[in-house]
Each structure stands twice: as C-alpha cells, then as structure tokens.
Amino acid sequence: MLSSAATASVPAATGIAGYAWVLLALPSLGALVLLVGGRRTDAWGHLLGCATVIAAFCYGLALFLSTTGLPPESRVQDLHLYSWLPVNALQVDFGLRIDPLSLTFVLLITGVGALIHVYSIGYMDTDRDRRRFFGYLNLFVASMLLLVLGNGFVTLYLGWEGVGLASYLLIGWYQNRPSAATAAKKAFLMNRVGDVGLALAIFLMFRYLGTTQYTEVFARAGELPSGALLAITLLLLLGACGKSGQFPLQAWLPDAMEGPTPVSALIHAATMVTAGVYLIARANPIYNLSADGRLLVMVIGVVTLMIGCIIGCAYDDIKKVLAYSTVSQIGYMILAVGLGPFGYALGIMHLLTHGFFKAGLFLGAGSVMHGMHDEVDMRRMGGLARYMPITTATFGLAYLAIIGFPGLSGYWSKDAIVEAAFGQPGWHGWVFGGLALVGVGLTAFYMTRLFLLTFFGEKRWENLTTEDGRAYHPHESGPVMTVPMIILAVGSVAAGAFFAVGERLARWLAPSLGTLEVSEQGPLNAAGVSVLSIVFMVVGVALAWLLVGRRPVPVVRPARVSAVVTAARKDLYANAINEALVARPGVWLARALVYVDNKGVDGMVNGTAALLGGSSGRMRRLQTGFVRSYALSMLGGSILVIAALLAVRYG
Amino acid sequence: MSTMVLPTAADPAVSVLAAGLAQVPQMDYRAVLPVLVVLGAACVGVLFEAFLPRPRRWLWQVALTVAALLAAGVALYAYLGDAPAQGVKTFAGTLSIDRPALFLWGTLLVLGLGAVLLIADRSVEPGGYFVAQAAIRPGTQQDRAQAAGANMHTEVFPLALFALGGMMVFCAANDLLTMFVALEVLSLPLYLLCGLARRRRLLSQESAVKYFLLGAFASAFFLYGLALLYGYAGSVKLADIAAAAGGTNRSDTLLFAGLGLLAVGLLFKGSVGPFHTWTPDVYQGAPTPVTAFMAACTKVAAFGGLLRVLTVAFKATSWEWRGVLWAVAIISMVIGAVLGLTQRDVKRMIAYSSVAHAGFLLIGAIALTEQGLSGTMFYLLAYGFTTLAAFAVVGLVRTGEGEATHLSQWAGLAKRSPLLAGVFTFLLLSLAGIPLTSGFVGKFVVFSAALADGMAPLVVIALVMSAVAAFFYLRVIVLMYFSEPAADGPTVTVPGVFTAAAITLGVLVTLLLGVWPAFALDWAGSGGFAL
C-alpha cells in the first residue's frame, strides 16, 4: 500500500490526455493577451478572461470523464512535454502528471475559478483596470494549474512561485491604499521563507536521489537516509506553512484580505492556500516513511486550527473573520494529511468542500460589501436579510456547511477528520481529536456570530454614514454575481454527501494517495465522535445566540473586555510569538528586512531587526568613498586569504 | 606575443630556439580568428580616428564595430563544427582554445554586441552617453556647451573592442603571463571608458581614477602571485604548475601564497567581496553603457579565467584552498545581499546585486566538476544578458540633468510607463531567481552542482541570501507600482533603435534561457578545459 503511488514506470498519456497542455495554454494565452494587449483589449478583455477558464474547465471535465472510464491502475499518466534542464546528472523534464489527484484539483481550480471570473465581471465593473485584473486572474489560474499538474518537484516549484507572484500582484491591487502595499509585501516575504524551505527540500532530493521527478523520487524514497528523510519532510512542511498560512507563517493570510473580494475567494480561500495540503498529499510516499515528520505536520495543523478559531471569534471585520476561518479550516486539512494513510483522502475531501463553501462565503461577503459601499465592519451592519434575500440564503447554506450542520458538506468532511484524529492510538487520539472537536465548537460560535451580526438583528447602519458621508442603501447584487453564489451554495449543500457516501472520493483518489485506511485503535468510536461533534456545534451556536443574537450590539466595539478577547484581537500576539521564534532564521530575516525597509511594518519593531538594520547601516559606513580605505580593505582581505590558505596547509 | 616563450627545458619551442633555428611556432589561425578579427578591427578603428573627419567617424566606427563583432561571431560559429573535442593549444601553447573557451568567447561576443549597441545610442541622450571632449574641465562654460552638443568621443568604439579582445584572450590564456597581459589589455581601456561620461563628469572621472588605482593595486597582487608561482614551479604554464603541485617536495608556502595573491587579482575583476569595494562607486560613476559592459563582460572574463586557473592548475590542491574560497563566497553573498538593502541609488543597488551574484558564481566555480563548470558558464551567460538589459533600462529614466538614478525618483514609474516598469520588473525577477527566467535556471544548475559536490551548507546560505536579495529587488517593484509618482519626477525616454534592440535582446534571452535552456546548457556542458 505504501508505494501505491510510487510505481516506477508511469504510462505515457494518450488520447485526450495527450492534449493536457491545453489546460496551461488557455489561461496563459489569456493572461498574455490581456497584459500585453493593453487598453485595446479593454472592451472585451473580461470576456476573454472568463472564456479561457471556462474552456479549460470544459476540457478538464472531458479529461476527468475519460479517466473515470479507465481501470484504476492506469489512471496515473505522464505527459512528457520537453526536457527543461538537461545537464549531465541533472535531468528535469517539463511534463504533466495526469492522475486522480491532479484532475481533482484541475476541476476545483477551473470550476471555482470560472465562477469567480464570472462574478468579477460584476464586482469589478466600476474599476478602470478591470482588464488587467482579469489578466492577473488568468495568470494565477495558469500558475496554479502548473503547480498541480507538474510531474516533478521543480515544475511544482515553478507554479509555486507563479501563484505567489500573482497573489502578490492581486493583494496590492488597490494601489492607493498603503495597507494594501504593506500586506502584499508581507505576503511576498513570508512566502519567500516557505519557498526557501521548499527549494532546500528539492535540492536535498537531488542530492540524495539524483532526481526530482515524482516517479523516481517516490519509487526510491526508501533509499533516503533517515536524517535526510526527516529534513525533507520538515522542509516541505515549511513550504506548505508559507503558502497555506500555517503556524508560524500564518500572519500574512488575514492581511491578504486587502485585495479585492473575488481574489480573497479564489486565491486566499479556495485554491492557492490549499497548495500546502496538495504538496503534502502529493509527497505521500515520502511522508509515509516518516512517522516523526507526520507527527509534526499534525501538530502544526492542530495548533493552526486552534489559533484561527480563537482569533476568528474576536474580529469585527467580516473578511478578517473569514480569513481566520480559512486559516483554521486549512489547519484541519493539514491535520488530516498529517494522519498519513488514514487521512490523505480526507484532507483532500475537506479541501474540496471548503473550496465550495468558503468561496460561497467570500462571494457573499463581497455581495454585502458591494451593496454597502465596501463596508467591512459587521457592527455597522445588521438586518440585511430583508434587503439581500439571495445573498442571505446562499450565505446561510454555506454557513451551515462550514459549522458542520448534519447532512451538509462540512459535516461529512470535517466530521471524518475529527473521527480519524480520534482514531490515533494513545494520547495522540485524545489530544488531536479533542482539539479538533473543540475547534468544531469554536467554528460554530464565530460563524454564527458573523451570520447574526451581518444579516439579522437591528439595522445598525440606518443612523450611520460611510467615512465620506454617504448613507447606506443596501441592495441585492445583479445576477452575474448571484448566479455563481447559487451554484456554490448547491455545492456547499451536496458536495460532501456526494464525496463521502460509499467513500466515492477516497476510492477515486486511491491510485494517487493509496487506499484510505480506517483505524479502530482510538479511544472513541465513530458514532460517539459524531454525536460529540454535533453537541459541540450546538453549544457553539447557542453561545453565539446568547451573546449577540439576543442582546443589542454596540456599534463601536467595547474596549473593556476580558484578557482572552484582548489577546484574540491582537492575533493571539502572533507577531510577538513570531519574535520569540527568531531562532528560525527565515522568519528572523524576513522580519528584520521588513524593518530595515520601513522602520517596522505593523509595529513589528523589535531589537533583532534593529540589529540587522543597524549592521547594514554600519557596514555601509565602511564604503567611505576613499580609495585608501578601499585599498586597505583589499589588503586586509588578501592577507586573510593568504593566511587562511597557509593555515589550512600547515595547520 | 613572441615574449611568451619562456625557458623551460620541457618546451619543444625552447629547444628549437636554442638550436638557433628561427622557426615560428605552429599557429592555428583558424581557431583564434575571432580574437584576431576583434583586435584587428580595434586597430582599424584607431586609424579611422586618425584619418576620418569628425562628423563621419560615428557612423564608420559603429559600422566597423558591429561588423567586426558579427564577423567574429561567424568565424567562431564556423570553427565550432570542426573544433576538436579536446581543444587546441596554439601560439606555442600560450592559448588553449577548448570548449569552455569557445563558449565564453561566444558569450563575450554577444554581450559585447549588446553593450556596443548601448554605447552607439545617440537618441536617449542627445549626442550619446559620452563626452565630446574629455579634456574640457568639468563645470566650465565649455563643459556646459559640450554637454548640450551632439558630438561624442568616438574613440570609445576601438577602446571597447580592445577591452573585448583582452577579455577573449584572458578566457583562453593557458599560462599566467599571457593571462596577465590580457588582464592589462582588458583593463586599461575600461579605466578610460569609465571617465568619459557626458554628464556628472566629476563623478565619472573620480570613478575612473578609483578604478585605475585599485585595478593597478590588484594587478600588482596578480603579478606578485605569478612571480611566486614561477618560483615554485619554474614555469608559468598552468599545466606545469599542476604537475609541480602533483608530486614534489618544493615549498608549499610559495604555492599557496602565490595562489592567494593570484586569486585576489582575479576576484577583484569579478567584483567578489571583500575585493568588491570599487564596484558600487565605479558602476555609479561610469557612463551607463560602460557599466553594462563591465557588469556583463568583465564578469564573464574574470570568472572564465578563474575557472581555468582553478581547474587546470590547482585541482590537485583543491582540498587546501576550497575552504578559503567557501568563506569568500559567503562574504560576497552576505555583503551583496545585506548592503543592497540600504542602497538609495539604482545603479549602486545593481552593483551590490552583482557582488551577491559573484558569490553565487563562485560557488559554482569552486565545485570543480563538469556540472560546476557548465553551470557557472551558463550562469555567466544568463546574468550577463539580464544585467545588460537592466542597465539599459536604467539609462532611459531621465530628468533634465541626466539619468534619474535615485530610487525616490522611480516612485510610481509604472503609471508613467507601464512597459518600462514591466520590463524592469521582469529583469529584477530574473535577478531574484524566480522561475521561468534565466536567473532561476542559472541558480538551479549552480546550486545543484555545488550540492552534488558536497557543499550543502554553502547552498543553504546561498538560498537564504538569495531570499534576502529578493527583498531589495522587490522594493523597487513596490516603488514602481504601489507608490504615488512625484510631481516633478523623471520622464521615460523613448529608446532609439540601438537601445531598444539591446533591451529586447536582453529580455528575450532572459526569457528564452528560462523556458528553454537546453541548448545553452548543452553547449556549456559540451566539454571541459584542455588540461
């Protein structure tokens, strides 16, 4: 079982799969035309942007259907395109891996991507640069498809950097907001820390195995010495943490909500941020060999899911709450893939259902903002249900899905993860299962709070105006925005049952991820866990109802609150905690460099940063401009070089 | 070149001379034809200066220079097919024209062509980047008049050709004395070129003097190292030094002191830290086309020479010197990446970036494997084109007083000229090593060569430092896209044909080598040095 995805030879793609490069070519072509074509393409640019992604989806669907017809053992195919880096021992092919895992992602990316492209036509209709926006979105889709379709780690890295770049460009979309530029920079830097981890992991694979192609790496993962194996799992995890906003690199993701809402829905909720989960699931033959590596993955997942839940309870900014909810839900996915053969498929299943309901929630939030002059403070909303019935209904279904209401998508996928976590032997089961269960309750609490504050209760906005003095006139959005929301709501309701009943998804993914195993060693059985998670959910909802549903909500957020709330409002001192982790050189450098640049973004002023900034300044003073001092430094360097050479020889 | 014959008993040419026969050593003119074309054209260029009337010189010089570079390229290409795989030694063994030499020659010729296109441009700066009469004192009435005039010193073309010829010989030099002569042939014209800027002439002249003084200092190191090595091996031929180091009981002090001094001279030319101190000042002060020429071509020549010396002469002793060059590489990367952060001038920033890149290159150079050699040469090719185009773009952003190199003047540039900002962003991403650019492939091949040779800690440091360096490239991107343009900001000049051609060339090669590097990697890996 362990090497089910590690068959040494993978058949070459034939038939319709032989044209899989079309998936990359379509959005790339769209991005190229839109970004190079300039203003000439303004009139029809957004339509082209949508068309390329919809066409890619149609092709992806055809490819998917043709693959389901194949016997399971021949569902993994390789499409060799060309030899990218052929140097002696180093052979990197540019090729595509078409298998159930990558096809699943292709459908998610192009499907949700197409809906969000359509929605953006309406959402961005007043933006002068709408064409460029669609160009960036197409660039993102192309990079993301490359990330999941690549047949080696270097190809994956290529897409990995590409999505980072597109995400950076889109977070900084609103160029007149300094906060957007800061958020974009923060995202870029934190991602770079993760990228260094991924790059190191790839180099380690090359060092020990002489290859970076999936087929060969997975087939020969057993040859890795145990130290290198553990290092690779940890470095891959670091890469995953950066891209997926996991502890300790989670701080950029909530800030990334400075981008336009469709971007938050597409990139920072449904697709790009799940790349970390994909990476670990894809590398399953490596993780299968390292129990320690998996344990750390689980720890990171469970820590992040708790952090996300707790902070999500305290924010009043609707997008920030959803962002922390994303952090926490990805925590569940990371926890699931950390469970190894017991959880890979469950992580992917939660990823898919989350793609539906979280994209639906973000698009709903975007619809609310669209009708409320871009207001994001929920304390200034309330009672919107009457004015936005479709938004309320679709948002409500997605809300029920995320809290795990029985029968809806989130119930099937999240419950399965909690059960599998309880299935771990010994204290692992209690700790990971227990915390995942607490997370269910907290999720129910903050999501209920968000739903009630926004759509129900008194209309707090009636006596308020926007910052520039306009009154609020909430209204429902047009069909170009509501239709994608309705489609996503259908997915939020039905996808979970469709995937979970009869283990349909797990069996489909088995050629890529191995068979899903069910553990009976845990302290609680499945039925017990199921009941418990419903109890926790009901308690969470009830608490939220008691706190915000029954009582009037002040428009200005109260200053005198308990220590827990204060901590949560300050992102659980995530920045302070990160400072405590300066031993991680990556984080240390990223922060220090931000400081050097900007005298401390986000108040991240700290002593270590000052040290590096200061040393750069001091070193700069060595560059005096005097030839004599330059010559002296050269002389000094030469003496050192010669002394060192002689010391090595005679020492 | 007849001075190359030195009294070594083993040398057949010496015994021939000793026999009193005035026989010319065997010369393979076909192999060295590219160098002869370049140096010959330089001499013709000098004659043009002497005999052509001033108004017609520019046209003739440009035509001659471009034709010479193309002809040299054709000669190189024609020779490539018939070149023996193990290389040719000619001119009494002073030149070794092997596969790496041919690759570096090709690189130098193409990069040189790009630089010459920039030098020839007269539309960006009316009259060209170069001063009309260098003898006029800066700041005087005549100086202001010349700055507004349409003339330039057309001697820059033969000077550039001489420098290029020197670089080509430097890459192929098979003994240290030839190498030293080539070093001087490539350096002296560069010192002059640095001082010929049309505007900000004091800064330009200061940079020329600095470069000259420090360059002379470094040459002295090189020469002293050469003398010590001659004392050690009794020969200046690289192969003889290798043989002597292989199995004798001579004084190792001479060997390692000589190696150290020699390395300092080479590292200086490659602007490797801590011997980089001239780089920021000279890059900033020199006319931008000359900066581009130095950043692209001098780096190729210096690392080409370093690769040959280390591989051919000192491979046997690599255990002793490798650790030291490790440290030098780390120092260079750290200096380049960290000091780049606080720069406020675009040209200085790219100068520090070049120091960091020199560190990355050194990692490949000390790997001493086939992969290290081909990776380093590919990196040189890739980096050369990217940095050439980057400097060409810098030359386009101007105010009334000349180039606007202060970073604050670049704020909001994307709103004024989206195309220029897009091109510069692409080049910066390549310098940062983002995939689908040549910078990524270059780093990838160099780092994997280093890893395969057991230099994992060095690779980790290099990756971290390239992440740090990415930050200051990013800062420029942020500045161009996310800042409000200053009210009296610079204008973006529409480039003339020459500059546009150079930028297009640089950008296309950067993209091509990122997407389809196979042909260049194949060529770079087609063979090692002739031992």
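Couple of notes before you dig in:
- In the set (1) at pLDDT 85 or above; (2) surrounded by fewer than 18 Cβ atoms within 10 Å (Cβ to Cβ), A:GLY491 fails one condition alone, (2).
- Set A:VAL303, A:VAL299: member being assigned by TED's automatic domain parsing to the domain that holds A:TYR324, under 17 Å from the mean Cα position of the chain (by Cα) and open to solvent by 20 Å² or more (accessible area, probe 1.4 Å): A:VAL303
- Looking at A:PHE94, A:PHE105, just one residue is of a type outside the set (S, T, N, Q), surrounded by 24 or more Cβ atoms within 10 Å (Cβ to Cβ) and within 26 Å of the chain's Cα centre (by Cα), and that residue is A:PHE105.
- Test for B:LEU531: is it among the hydrophobic types (A, V, I, L, M, F, W, C), within 7 Å of chain A (Cβ to nearest Cβ), out of contact with any Phe, Trp or Tyr (no Cβ under 7 Å at 6 or more places or on another chain) and part of a loop (DSSP other than H, G, I, E, B): no
- Test result for A:ARG220, modelled with pLDDT of 85 or more, in the same structural domain as A:VAL321 (by TED's automatic domain parsing) and open to solvent by 10 Å² or more (accessible area, probe 1.4 Å): no
- Output for the stretch A:127-156, where each listed residue is surrounded by fewer than 23 Cβ atoms within 10 Å (Cβ to Cβ) and within 11 Å of chain B (Cβ to nearest Cβ): A:ASP129, A:ARG132
- Here A:ILE267 meets each of (1) within 11 Å of the chain's Cα centre (by Cα); (2) surrounded by fewer than 23 Cβ atoms within 10 Å (Cβ to Cβ) with one exception, condition (2).
- Yes/no for A:SER66 being modelled with pLDDT of 85 or more, within 26 Å of the chain's Cα centre (by Cα), assigned to a helix (DSSP H, G or I) and among the polar types (S, T, N, Q): no
- Here the helices (runs of 4 or more DSSP H) wholly within the stretch A:267-359 that include at least 1 residues being closer than 28 Å to A:HIS373 by Cα are A:291-312, A:318-338.
For every residue, the table says whether it meets (1) within 12 Å of chain A (Cβ to nearest Cβ); (2) in contact with a Ser or Thr (Cβ under 7 Å, 6 or more places away or on another chain); (3) in a helix (DSSP H, G or I); (4) within 13 Å of B:MET465 (Cβ to Cβ).
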{"residue": "B:ALA337", "(1), (2), (3), (4)": "yes, no, yes, yes"}
{"residue": "B:LEU362", "(1), (2), (3), (4)": "no, yes, yes, yes"}
{"residue": "B:SER374", "(1), (2), (3), (4)": "yes, no, yes, no"}
{"residue": "B:MET377", "(1), (2), (3), (4)": "yes, no, yes, no"}
{"residue": "B:LEU381", "(1), (2), (3), (4)": "no, yes, yes, no"}
{"residue": "B:VAL393", "(1), (2), (3), (4)": "no, no, yes, no"}
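- Hey, A:SER83 among the hydroxyl-bearing types (Ser, Thr, Tyr), within 14 Å of chain B (Cβ to nearest Cβ) and either in a helix (DSSP H, G or I) or open to solvent by 10 Å² or more (accessible area, probe 1.4 Å) (or both) or not: yes
- Taking the stretch B:199-314 as the region of interest, the helices (runs of 4 or more DSSP H) fully inside it that hold 3 or more residues being open to solvent by 20 Å² or more (accessible area, probe 1.4 Å) and at the interface with chain A (Cβ under 9 Å from one of its Cβ atoms) are B:201-233.
- Any hit, the stretch B:340-358, residues being within 12 Å of chain A (Cβ to nearest Cβ), farther than 15 Å from B:THR277 by Cβ and within 19 Å of the chain's Cα centre (by Cα): no
- Residue in the stretch A:127-143 that is farther than 27 Å from A:ASP374 by Cα, in contact with a Leu (Cβ under 7 Å, 6 or more places away or on another chain) and hydrophobic (A, V, I, L, M, F, W, C) present: yes
- In the set (1) of a type in the set (A, V, I, L, M); (2) open to solvent by 10 Å² or more (accessible area, probe 1.4 Å); (3) over 22 Å from B:VAL62 (Cα atoms), B:ALA150 fails one condition alone, (3).
- Applying the set (1) under 22 Å from B:GLY323 (Cβ atoms); (2) open to solvent by less than 20 Å² (accessible area, probe 1.4 Å); (3) facing chain A (nearest Cβ under 8 Å) to B:VAL446 leaves exactly one unmet item: (3).
- Cβ separations smaller than 9 Å between residues 6+ apart or across chains give the following pairs from the stretch A:70-87 residues that are without any contact (Cβ under 8 Å) to a residue 40 or more places away in the chain to residues that are polar (S, T, N, Q): A:LEU70/A:GLN77; A:SER83/A:GLN91; A:VAL87/B:GLN371; A:VAL87/B:SER374; A:VAL87/B:SER448.
- Condition check for A:VAL529: open to solvent by 10 Å² or more (accessible area, probe 1.4 Å) and either among the hydrophobic types (A, V, I, L, M, F, W, C) or touching a helix residue (DSSP H, G or I) at 6+ places or on another chain (Cβ under 7 Å) (or both): no
- Where B:LEU431 falls short, out of the listed (1) out of contact with any Phe, Trp or Tyr (no Cβ under 7 Å at 6 or more places or on another chain); (2) more than 13 Å from chain A (Cβ to nearest Cβ): (1)
- Residues of the stretch B:484-513 that are buried (at least 19 other Cβ atoms within 10 Å of the Cβ) and part of a loop (DSSP other than H, G, I, E, B): B:GLY489, B:PRO490, B:PRO495.
- Residues (crowded, with 19+ Cβ neighbours inside 10 Å, among the small types (Gly, Ala, Ser) and facing chain A (nearest Cβ under 9 Å)) located in the stretch B:514-528: B:ALA524, B:GLY525
- Residues of the stretch B:315-329 satisfying the condition of being more than 11 Å from every other protein chain (Cβ to nearest Cβ) and closer than 19 Å to B:VAL464 by Cβ: B:ALA329
- Matching residues, the stretch A:166-193, being closer than 20 Å to A:PHE247 by Cβ, at the interface with chain B (Cβ under 10 Å from one of its Cβ atoms) and of a type in the set (Lys, Arg): A:ARG192
- Qualifying positions in the stretch A:629-651 - in a helix (DSSP H, G or I) and more than 7 Å from chain B (Cβ to nearest Cβ): A:SER629, A:LEU632, A:LEU635, A:GLY636, A:ILE639, A:LEU640, A:ALA643, A:ALA647, A:TYR650
- Positions within the stretch A:421-456 being part of a loop (DSSP other than H, G, I, E, B), open to solvent by 10 Å² or more (accessible area, probe 1.4 Å) and more than 20 Å from A:VAL538 (Cα to Cα), in sequence order: A:GLN424, A:PRO425
- Flag if B:TYR481 is of a type in the set (Phe, Trp, Tyr) and either open to solvent by 30 Å² or more (accessible area, probe 1.4 Å) or touching an Asp or Glu at 6+ places or on another chain (Cβ under 6 Å) (or both): yes
The values are calculated or read from the model by the stated rules, or taken from the named source; none is laboratory data. Every value quoted in this text rests on a predicted model; they were computed, and no experiment measured them. Virtual Cβ from ideal backbone geometry, glycine too; neighbours counted across all protein chains shown. Note: areas computed on protein heavy atoms with side chains; ligands, DNA, RNA excluded. Shrake-Rupley method; radii C 1.70, N 1.55, O 1.52, S 1.80 Å.
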